[in-house]
Number of protein chains: 2
Amino acid sequence: MTNPVLVEVTRGEVVESRHRGAVIVVDADGKTVLELGDVDRPVFPRSAVKAIQALPFVESGAVDAFGFGPREIALACASHSGEPEHAALAAAMLAKAGLDASALECGAHWPSRQESALDLARAGHTPSALHNNCSGKHSGFICTCAHLGIDHRGYVGAGHRAQEAVRDAMESVTGATHAVDMCGTDGCSIPTYAVPLRNVAHGFARMATGIGLGQERAKAARRILSACMAEPFLIAGTRKLDTELMQAASGRIMVKVGAEGVYCGAIPELGVGLAIKCDDGVIRGAEIMVVSVLARLIAAVDPHLAESLRQMANPVLKNWNGIEVGGLRPTAALD
Amino acid sequence: MTNPVLVEVTRGEVVESRHRGAVIVVDADGKTVLELGDVDRPVFPRSAVKAIQALPFVESGAVDAFGFGPREIALACASHSGEPEHAALAAAMLAKAGLDASALECGAHWPSRQESALDLARAGHTPSALHNNCSGKHSGFICTCAHLGIDHRGYVGAGHRAQEAVRDAMESVTGATHAVDMCGTDGCSIPTYAVPLRNVAHGFARMATGIGLGQERAKAARRILSACMAEPFLIAGTRKLDTELMQAASGRIMVKVGAEGVYCGAIPELGVGLAIKCDDGVIRGAEIMVVSVLARLIAAVDPHLAESLRQMANPVLKNWNGIEVGGLRPTAALD
């Protein structure tokens, strides 16, 4: 099955590039609300499922034991830009467990926000693992181990109890088997399992409604999604779509990007979850897809927010002189 | 027409992302050597045609009048990484015309090579238009104006004589009408015209052979392509594909990337030109496409070089810890 073109990139009056993809929106019973393309082919959800991967952090009692709140939970679900606030909060989480950046096994990279990288260089510093976009998630893994009295070393390995707990949570919430032959290694070195988009969307519908999760897990899921929506800066960063979208939606929508063009999200009041994969792995394509789909869904309950999202789904592209040269737009299939 | 999947991105044993595209290889008579996908749909060739756009720089006599050689010609055809050598050579070209960076109308941006951007920040500097990846091409435009006694100001405009000369050269070499309604503005603010890939490939076959160009233009074309192949660092930069590929091919292959997933190239000894567009605009996809096609073509005359290129067409992807997580590979349609 060939997925449809969902996003066009224009220059002048000409379509210059095209993004294909698959989109699925389901409710907590698994009933399809919207389906485009092949949503049963396994895809790696990557960082888009960090909210589900954070369940053991909350359910273990680590969050409460260390006195963490929405900020630390949001950072555990983040792919952040490595801005000073992000790195400082990850360091503070580790400090509560009596540890520091040396415990992180995600690897170091320069902050993805260029201004933060340049500031770091101007100050004569080099990046640490705290600047890795996944440092919050990893701090959550480490704090969970510390709270449970488990040796955190090697926590990124598929056979470590931290990752077994993550896989169990993922399987239970999405209902998809996480098979060894569908396992890959993520950018931050933890395992990632390819599963159908349909299951991932179903998982987010369950996270948003609590339906089918059991009382304790439903409570943890609600707490995690609420934290993400309450702290959109910590989830991503300055001028990042996830941050701006959740700020605009003020608590009505949760979204999370994943590497290689993945998006997951939920609209709790509508009881739906969504999952998106841009075939080519390009984030700009997945961004237009997720904003367009959310605009369609939210229109039923908030036409004003829907209009704001429609504008976000049609951004203008400018060149180095600030001249408008083209734009991005959803195709009819999506809009 | 749906273009075929030509490149797969793998993670573990799973295909994570896919790039579709169109590829055309023709000889100087326009005879098709290889054709995949829709090669008659208009495409913006962007920076991939800088070698053709440099014809007026050479043909006007500006290159010789200012005492320029292969280095300056190569920089005029470059999308460089803004490394110190690139910025310095652009400045030196402008100085020969009695001008400086303030004459450039391409806009300023941080060097695309991260190390160079960080070095600039560490030294307390900010980028100038000399660091713009197109500063060499623009210095060529300005030097051409200076040599011909034309006011260089406004040289990026479609109605300026500098751009009229570029459009005339492009139309004549590619045989494609450059229509106003197919005109867009490039990242560096000059006009770019959408034309069929087939014509662009034909243009490069003519540039490589001189066939159909007339004696003077054929000489200028040979000089430009030779300069690009002789100075691969100046064409792109450290660890850039164009540089590494032309270094490996030591004078047998010319290639040039363009924004939004375009590649052009030529193999002079085979008398062929090629043009490629990755549908989604992603450079990594276009890179695998161009290297794979070149490996197929060059195998007839240099099996050893073909094998080197095949290895470049199957790169390994590593994560922040240096762990091998997957790779890129051409599909059977391409390989």
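Taking A:ALA146 as the residue in question, decide whether it is outside any loop (DSSP other than H, G, I, E, B), touching a residue at least 24 places away in the same chain (Cβ under 8 Å), away from every other protein chain (no Cβ under 11 Å) and over 21 Å from the mean Cα position of the chain (by Cα). Yes.
Residues in segment B:88-117 that are in contact with a His (Cβ under 9 Å, 6 or more places away or on another chain), under 17 Å from B:PHE233 (Cβ atoms) and open to solvent by less than 10 Å² (accessible area, probe 1.4 Å): B:ALA90, B:PRO111.
Of the residues that make up segment A:247-266, is at least one touching a Phe, Trp or Tyr at 6+ places or on another chain (Cβ under 9 Å), more than 30 Å from B:THR10 (Cα to Cα) and at pLDDT 95 or above? Within segment A:247-266 (the criterion being touching a Phe, Trp or Tyr at 6+ places or on another chain (Cβ under 9 Å), more than 30 Å from B:THR10 (Cα to Cα) and at pLDDT 95 or above), the answer is yes, since at least one residue qualifies.
Across segment B:229-249, the number of residues qualifying as among the β-branched types (Val, Ile, Thr) and part of a loop (DSSP other than H, G, I, E, B) comes to 1.
Across segment B:1-11, what is the total count of residues that are more than 7 Å from chain A (Cβ to nearest Cβ) and not in a loop (DSSP other than H, G, I, E, B)? Before you say what the answer is, go through the steps one by one.
Just the residues of segment B:1-11 that are more than 7 Å from chain A (Cβ to nearest Cβ), to begin with: B:1, B:3-8, B:10.
Subsequent filtering for residues that are not in a loop (DSSP other than H, G, I, E, B) retains B:5-8, B:10.
Selection size over segment B:1-11: 5.
Looking only at segment A:95-109, which residues are in a loop (DSSP other than H, G, I, E, B) and under 16 Å from A:CYS188 (Cβ atoms)?
Answer for segment A:95-109, where residues must be in a loop (DSSP other than H, G, I, E, B) and under 16 Å from A:CYS188 (Cβ atoms): A:LEU104, A:GLU105, A:CYS106, A:GLY107, A:ALA108, A:HIS109.
Within segment B:12-50, track down each residue that is open to solvent by 20 Å² or more (accessible area, probe 1.4 Å), basic (Lys, Arg) and within 14 Å of another protein chain (Cβ to nearest Cβ). B:ARG18, B:ARG20, B:ARG41 - these are the residues of segment B:12-50 that are open to solvent by 20 Å² or more (accessible area, probe 1.4 Å), basic (Lys, Arg) and within 14 Å of another protein chain (Cβ to nearest Cβ).
Listed here are the residues, each with its yes/no results for (1) away from chain A (no Cβ under 14 Å); (2) surrounded by fewer than 18 Cβ atoms within 10 Å (Cβ to Cβ); (3) touching a residue at least 40 places away in the same chain (Cβ under 8 Å); (4) part of a helix (DSSP H, G or I).
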site: B:THR192; (1), (2), (3), (4): no, no, yes, no
site: B:GLY203; (1), (2), (3), (4): yes, no, yes, yes
site: B:ILE211; (1), (2), (3), (4): yes, yes, yes, no
site: B:ILE224; (1), (2), (3), (4): yes, no, yes, yes
site: B:ALA227; (1), (2), (3), (4): yes, no, yes, yes
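Screening the candidates A:HIS160, A:HIS152, A:HIS131 for the property of being at pLDDT 95 or above, away from chain B (no Cβ under 13 Å), in contact with a Gly (Cβ under 6 Å, 6 or more places away or on another chain) and open to solvent by less than 50 Å² (accessible area, probe 1.4 Å) yields one hit, A:HIS160.
On the basis of being hydroxyl-bearing (Ser, Thr, Tyr), in a loop (DSSP other than H, G, I, E, B) and crowded, with 24+ Cβ neighbours inside 10 Å, does B:SER79 make the cut?
yes
For segment B:167-190, the tally of residues that are within 23 Å of A:LYS318 (Cβ to Cβ), part of a helix (DSSP H, G or I) and open to solvent by less than 50 Å² (accessible area, probe 1.4 Å) stands at 1. For segment B:52-60, state whether one or more residues are out of contact with any helix residue (DSSP H, G or I) (no Cβ under 8 Å at 6 or more places or on another chain), assigned to a loop (DSSP other than H, G, I, E, B) and open to solvent by less than 20 Å² (accessible area, probe 1.4 Å). Scanning segment B:52-60, I find no residue that is out of contact with any helix residue (DSSP H, G or I) (no Cβ under 8 Å at 6 or more places or on another chain), assigned to a loop (DSSP other than H, G, I, E, B) and open to solvent by less than 20 Å² (accessible area, probe 1.4 Å), so the answer is no.
Scanning segment B:30-51 for residues being among the polar types (S, T, N, Q) and outside any strand (DSSP E or B) gives a total of 1.
Between A:GLU269, A:GLU244, A:GLU216, the distinction of being open to solvent by 30 Å² or more (accessible area, probe 1.4 Å), more than 14 Å from chain B (Cβ to nearest Cβ) and either at pLDDT below 95 or under 28 Å from A:VAL156 (Cβ atoms) (or both) belongs to A:GLU216 only. For segment A:105-126, the set of residues classified as under 22 Å from the mean Cα position of the chain (by Cα), facing chain B (nearest Cβ under 9 Å) and not small (Gly, Ala, Ser) consists of A:GLU105, A:CYS106, A:HIS109, A:TRP110, A:GLN114, listed by residue number. The set of residues from segment B:286-316 being surrounded by 17 or more Cβ atoms within 10 Å (Cβ to Cβ) and in contact with a Gly (Cβ under 6 Å, 6 or more places away or on another chain) comprises B:ALA286, B:MET289.
Whenever a residue of segment A:175-186 is more than 10 Å from every other protein chain (Cβ to nearest Cβ), its partners that are part of a strand (DSSP E or B), lying with C-beta atoms within less than 6 angstrom and at least six residues away or across chains, give the pairs A:ALA176/A:VAL195; A:HIS178/A:TYR193. Does segment A:257-266 include one or more residues that are open to solvent by 10 Å² or more (accessible area, probe 1.4 Å) and more than 14 Å from every other protein chain (Cβ to nearest Cβ)? Looking through segment A:257-266, at least one residue is open to solvent by 10 Å² or more (accessible area, probe 1.4 Å) and more than 14 Å from every other protein chain (Cβ to nearest Cβ). Criterion applied to A:ALA306, A:ALA266 was being in contact (Cβ under 8 Å) with a residue 40 or more places away in the chain and either of a type in the set (Gly, Ala, Ser) or out of contact with any helix residue (DSSP H, G or I) (no Cβ under 7 Å at 6 or more places or on another chain) (or both), and the one residue passing it is A:ALA266.
The values are calculated or read from the model by the stated rules, or taken from the named source; none is laboratory data. Keep in mind that this is a model prediction, so the values were computed, not measured. Cβ sites come from the backbone with ideal geometry, for glycine too, and all protein chains shown count toward neighbours. When the accessible area is computed, the model is the full protein with side chains, heavy atoms only, and any ligands, DNA or RNA have been set aside. Shrake-Rupley method; radii C 1.70, N 1.55, O 1.52, S 1.80 Å.
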